[in-house]
Amino acid sequence: MKRLLCLFIGIAILFTGCTPSQKAQIGSLEQLEQPEHQENVGKLEQSEQEIQSENREQSDESGLYKTLLSPDNELSIVRKPSAADYSFINPGKMIELPSGMRQGDFRSSDLSELDLEEKFEDLINADFDSKTKWPEKLPDGFDPELIMELGKNPGLGVRELHDKGITGKGIGIAIIDQGLLVDHVEYKDQLKLYEEIHCSDDVAMMHGPAVASIAVGKTVGVSPEADLYYIAETHGVFKQGEFEWDLTWLAKSIDRIVEINRILPEGEKIRVISISLGIGGGMNGYEKALESVEKAKQEGIYTVYVGSNPFMGLGREPLENADDINSYSKGKFWSSNGYSYNNDELLIPMDSRCTASPTGENDYVFYREGGMSWSVPYVAGLYALACQVNPDTTPEIFWKEALSTGETVSVNNEDKLGKIVNPTKLIDRIEELK
């Protein structure tokens, strides 16, 4: 039997005036995983898949993709994917830092024997997690625990809303994404359903725990008491070293959420679906996916995905206060690539986030540079808060008020950055409309 590998496959999705290729070539780990290789033409989204064995893409499709639904439409956790092992990223004890990389990846890595006292810039721009082993001496000002705690805060006053009891309680959020570590402490108590539809993931993936915790996490989430309904799904098939998109399975997953919602009692309905994916016109199954989005809308369920509405991701330095609007800047992945931003999109926190990690039920991971995937569940969480204070909230009302209450700040005393979402003003305004 061939030994198991954990390889990330990053697939960039171009949309809004751009047509994505039907097939995405599988490249090297460094090329595909690192955010600096995300392209942006108009807007960009990155989705990761994981190949579990060396011969996986040669496997028979019937054995590669799983569909597991709750029996008799009773809400259940149909499977518990095992935790991921990221020790392959930097095997053994590291003897030096990688050179020539803008952003280091030190997740589950052993840096304990390195001299890092003069390496502040290398570390402050790196990803790391609860399993990262640090040397006794670190650069002045670099505090991994502090950075992770700051990164858990959704920011911009969201926790003030929580203190007022505005937590998403009684509102259902559905997520369609990759395999989930279902027992993570951030969301296991909120998780009401875990199913799989055409899912190729054997173990928990990095994406699923991250988006789930951003939406409903107890300490990380925007809407920490919302109910979570989760479907793990693969948006296509692996064929001969390539990934071929097929959104038919995404459409089936949306339809399944609508079906589940119909059996939920009043006062516990699903109000929003979070899909961290750009849905582009060049993808197989595109029309079916949009038809399912419309069906969900007719049932009172709003579907937010990359490109569904005018929003973009914000940057933040790791040691800056997430509640201070002046801590934010253009998102890291689009700030220097010529992206034309005209202050007509709502800006949502994205970079320097600490989320649930797939490596263990109590593990966390800090991502220095985010993608639009992190902004989507944030929007879904905000929508759930709005639905809690005003059950008559619609996507149209939400976006009108989100844009009208957004804030603009000066950057470097010159550029204007806005509109940055103002969660407290937004929720106050939504409540006033009752």
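Rundown of residues vs (1) at pLDDT 95 or above; (2) over 28 Å from the mean Cα position of the chain (by Cα), yes/no style:
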| position | (1), (2) |
| --- | --- |
| E96 | no, yes |
| M101 | no, no |
| G104 | no, no |
| R107 | yes, no |
| L111 | yes, no |
| E118 | no, yes |
| D122 | no, no |
| D129 | yes, no |
| T132 | yes, no |
If we keep only residues of segment 277-308 that are in contact with a strand residue (DSSP E or B) (Cβ under 6 Å, 6 or more places away or on another chain), buried (at least 18 other Cβ atoms within 10 Å of the Cβ) and not aliphatic (A, V, I, L, M), then the residue nearest to A210 (Cα to Cα) is Y305
Taking segment 388-434 and keeping only residues that are of a type in the set (S, T, Y) and touching a helix residue (DSSP H, G or I) at 6+ places or on another chain (Cβ under 7 Å), one is left with T393, T405, T424
If we keep only residues of segment 405-432 that are open to solvent by 70 Å² or more (accessible area, probe 1.4 Å) and touching a residue at least 12 places away in the same chain (Cβ under 8 Å), then the residue farthest from M312 (Cα to Cα) is E431
Wholly inside segment 334-434, helices (runs of 4 or more DSSP H) that include 1 or more residues that are among the polar types (S, T, N, Q) and under 18 Å from V306 (Cα atoms) are 372-389
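Only one of L264, L228 is over 17 Å from Y364 (Cβ atoms) and out of contact with any strand residue (DSSP E or B) (no Cβ under 6 Å at 6 or more places or on another chain); which? Can you show your working first?
Working: L228 fails: out of contact with any strand residue (DSSP E or B) (no Cβ under 6 Å at 6 or more places or on another chain).
Just a single option satisfies the conditions, and that option is L264.
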Hey, any hits in segment 319-329 for a residue that's among the β-branched types (V, I, T), closer than 25 Å to L161 by Cβ and open to solvent by 10 Å² or more (accessible area, probe 1.4 Å)?
yes
Note on I173: of the conditions (1) outside any loop (DSSP other than H, G, I, E, B); (2) over 22 Å from V421 (Cβ atoms); (3) in contact (Cβ under 8 Å) with a residue 12 or more places away in the chain, unmet is (2)
The number of residues in segment 177-214 that are in contact (Cβ under 8 Å) with a residue 40 or more places away in the chain and part of a loop (DSSP other than H, G, I, E, B) is 17
Over segment 141-158, the set of residues part of a helix (DSSP H, G or I), farther than 8 Å from R353 by Cα and small (G, A, S) is none
Over segment 391-404, the set of residues farther than 17 Å from L346 by Cα and open to solvent by less than 10 Å² (accessible area, probe 1.4 Å) is T393
Residue set V376, V365; condition within 22 Å of the chain's Cα centre (by Cα), closer than 15 Å to M312 by Cα, touching a residue at least 60 places away in the same chain (Cβ under 8 Å) and buried (at least 18 other Cβ atoms within 10 Å of the Cβ); output residue V376
Subset of segment 215-249, residues surrounded by fewer than 20 Cβ atoms within 10 Å (Cβ to Cβ) and assigned to a strand (DSSP E or B), comes to V237, K239, E242, E244
Those residues of segment 309-318 which are out of contact with any helix residue (DSSP H, G or I) (no Cβ under 6 Å at 6 or more places or on another chain) and either open to solvent by less than 30 Å² (accessible area, probe 1.4 Å) or on the phi > 0 side of the Ramachandran plot (or both) amount to F311, M312, L314, G315
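Output the residues belonging to segment 83-122 that are assigned to a loop (DSSP other than H, G, I, E, B), of a type in the set (A, V, I, L, M, F, W, C), in contact with a Pro (Cβ under 8 Å, 6 or more places away or on another chain) and farther than 28 Å from V185 by Cα.
Hits for segment 83-122 are L114, L116.
Would you check if L68 is modelled with pLDDT of 95 or more, open to solvent by 10 Å² or more (accessible area, probe 1.4 Å) and under 24 Å from the mean Cα position of the chain (by Cα)?
Answer is yes for this residue.
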Taking segment 126-146 and keeping residues touching a Lys or Arg at 6+ places or on another chain (Cβ under 9 Å) and open to solvent by less than 30 Å² (accessible area, probe 1.4 Å) leaves A126, D127, F128, D129, T132, P139, F142
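The values are calculated or read from the model by the stated rules, or taken from the named source; none is laboratory data. Since the structure is predicted, the reported quantities are computational estimates derived from the model, not experimental observations. Note that we place each Cβ from the backbone using ideal geometry, even for glycine, and neighbour counts take in every protein chain shown. Areas reflect the complete protein model, heavy atoms only, side chains present, ligands, DNA and RNA absent. Shrake-Rupley method; radii C 1.70, N 1.55, O 1.52, S 1.80 Å.
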